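Peer 1: I'd like to ask you about the structure that follows.
The values are calculated or read from the model by the stated rules, or taken from the named source; none is laboratory data. As the structure is a computational prediction, the values presented were derived from the model and not from experiment. As a convention, Cβ positions derive from the backbone with ideal geometry for all residues, glycine included, and neighbour counts pool all protein chains shown.
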């Protein structure tokens, strides 16, 4: 799976997937589930790079002292909204308002889709941001800001 970034507006971002073949209903359901799960974690503030205490601790987490004050003192990092996945032939796209969540959200999505690509449905290309010339986009109805602003 090739990953490419184009112009990314975190409040009005399209994510595009180009599959090797037209995905079956079961394959689409699997991809939809990943995006739904990703959104729930983001909506609950899970993609907050200001509080990565376990990651920063290293490989040995045994008896780690977790600083409960630190998590309480970080600013919220919330994903605002996610549109439905749309499919057109070998393409799929999804609109997202990443809100204030950190870029780690994109890494988690890429890692998850990479695993799906290896184990379940072949994704030729994952495009973060931008638009496709052959599949036009209007302002998403849930967008806070217009693309023209």
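Peer 1: Please specify each residue of segment 65-83 satisfying the condition of being in a loop (DSSP other than H, G, I, E, B) and over 12 Å from residue 53 (Cβ atoms).
Peer 2: Result: 75, 76, 77, 78, 79, 80, 83.
Peer 1: Okay, next question. Please work out if residue 82 is within 16 Å of residue 107 (Cα to Cα) and surrounded by 12 or more Cβ atoms within 10 Å (Cβ to Cβ).
Peer 2: Working: within 16 Å of residue 107 (Cα to Cα): no; surrounded by 12 or more Cβ atoms within 10 Å (Cβ to Cβ): yes.
No: the conditions fail for residue 82.
Peer 1: State whether one or more residues within segment 68-77 are at pLDDT below 95, within 19 Å of residue 9 (Cα to Cα), crowded, with 18+ Cβ neighbours inside 10 Å and out of contact with any strand residue (DSSP E or B) (no Cβ under 8 Å at 6 or more places or on another chain).
Peer 2: Yes: segment 68-77 contains one or more residues that are at pLDDT below 95, within 19 Å of residue 9 (Cα to Cα), crowded, with 18+ Cβ neighbours inside 10 Å and out of contact with any strand residue (DSSP E or B) (no Cβ under 8 Å at 6 or more places or on another chain).
Peer 1: Report every pair of residues separated by at least 6 positions or lying on different chains whose Cβ atoms are under 6 Å apart, first residue within segment 100-129 and in a helix (DSSP H, G or I), second modelled with pLDDT under 95.
Peer 2: Listed pairs, sorted by first residue: 104/49.
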